[in-house]
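To start, the structure under review is shown below, and the notes come after it.
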Amino acid sequence: MSVLVKPLVTEKVSALNEEGRYGFIVDKKSNKVEIKKAVEKAYGVTVESVNTMVYAGKRKMRYTKARIVEGKTSSYKKAIVKLAEGDIIDFYGGV
């Protein structure tokens, strides 16, 4: 199972990219050391620090004509990685 699930491409994280910080959705069981090694191996950069946060799933309800539909969004773990000065990750290179 891979530690890195997918990169985060949002407006807020894109603003952080200019400062050398990049966001990733990661496996919930992974720790900061595993995340650091996975980013360095996958992108060939030097990681200075890793900050993680776990988002809990939220209950959602939708009122339809027939009944009330209930569900839950999935929980996930997000990592913000700070790279060494001069290193960059190009997410849009293959597009």
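Every read-out reported here was derived from the displayed coordinates using simple, explicitly stated rules and does not represent laboratory data. The shown structure was predicted, so the numbers you read here are calculated from the model rather than taken from an experiment. Note: ideal-geometry Cβ built from the backbone for every residue, glycine included; neighbour counts use all protein chains shown.
A few remarks follow.
- The listed residues are V9, V54, and the only one of them that is in contact (Cβ under 8 Å) with a residue 24 or more places away in the chain, surrounded by fewer than 17 Cβ atoms within 10 Å (Cβ to Cβ) and in a loop (DSSP other than H, G, I, E, B) turns out to be V9.
- Screening the stretch 57-74 for residues that are surrounded by 10 or more Cβ atoms within 10 Å (Cβ to Cβ) and not small (G, A, S) and picking the one that is farthest from G86 (Cα to Cα) gives V69.
- Condition check for G44: at positive phi and either touching a residue at least 12 places away in the same chain (Cβ under 8 Å) or among the hydroxyl-bearing types (S, T, Y) (or both): no
- Residues in the stretch 23-51 that are under 11 Å from the mean Cα position of the chain (by Cα) and in a helix (DSSP H, G or I): I35 only.
- Condition met for S2 (free of Cβ contacts under 8 Å to residues at least 60 places away in the same chain, on the phi < 0 side of the Ramachandran plot and in a loop (DSSP other than H, G, I, E, B)): yes
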